[in-house]
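Single-structure report; data block below.
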Amino acid sequence: MERNRTFDEIIREALAAGPRTTLGEKLSAIFTSLARQIAENIKVRAGMKLTLEPTIDNGAAFARWVEAINDIIETAITDGEFTDTPTTHRLA
């Protein structure tokens, strides 16, 4: 079982995968790692539920998530890997 990594560790590891890995593959690795942790660990699932609970003020965590993913999306657009469309920008 994969050890529980922080969001920052997951992003850092995906981005460090090297130039042969596309940004799309890096995004996929991020989401796959998060999904695996959610599926395998009850504490991670509980934390995710708390993060998504609208009555809890967790704006800072969500803002970090959007900023990190948006940076990856913008780089992929700049590099020509993703097409610059409104739909692409909504990925973040």
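Using only side-chain charges placed at the Cβ, +1 for Lys and Arg and -1 for Asp and Glu, the dipole size of region 1-43 relative to its Cα centre rounds to 20 debye. How high is the FRET efficiency between N41 and F62 when r is their beta carbon distance and R₀ equals 22 Å, given to the nearest 0.05? Efficiency, from the Cβ-Cβ distance: 0.60. Ordering T22, V44, T6 by Cα displacement along the dipole of the chain toward the positive end leaves V44 in first place; charges were set at the Cβ atoms of Lys, Arg (+1) and Asp, Glu (-1).
Once all protein chains are placed together, I77 keeps about 30 Å² accessible to a 1.4 angstrom probe. Exposed loop sites here mean trypsin sites (Lys or Arg not before Pro) with a DSSP loop assignment and at most 15 other beta-carbon atoms within 10 Å; the chain contains its longest site-free run at 21-89.
For the chain, a simple Cβ point-charge model (Lys and Arg +1, Asp and Glu -1, everything else neutral) yields a dipole of about 420 debye relative to the Cα centre.
Computed from the Cβ-Cβ distance with R0 of 30 Å, the FRET efficiency linking E81 to D8 stands at 0.85. The calculated FRET efficiency for the pair E74 and M48, based on their C-beta separation and a Förster distance of 30 Å, comes to about 0.75. Every helix of 4 or more DSSP H residues in the chain counts as -39500 (n - 2.57), and over all residues that averages to -21000 deg cm²/dmol at 222 nm.
The values are calculated or read from the model by the stated rules, or taken from the named source; none is laboratory data. No experiment lies behind these values; they were computed from the predicted model shown. So basically every Cβ, Gly included, is an ideal-geometry build from the backbone, and we count neighbours across all protein chains shown. Accessible surface is based on the protein model in full, side chains and every heavy atom, while ligands, DNA and RNA are left aside. Shrake-Rupley method; radii C 1.70, N 1.55, O 1.52, S 1.80 Å.
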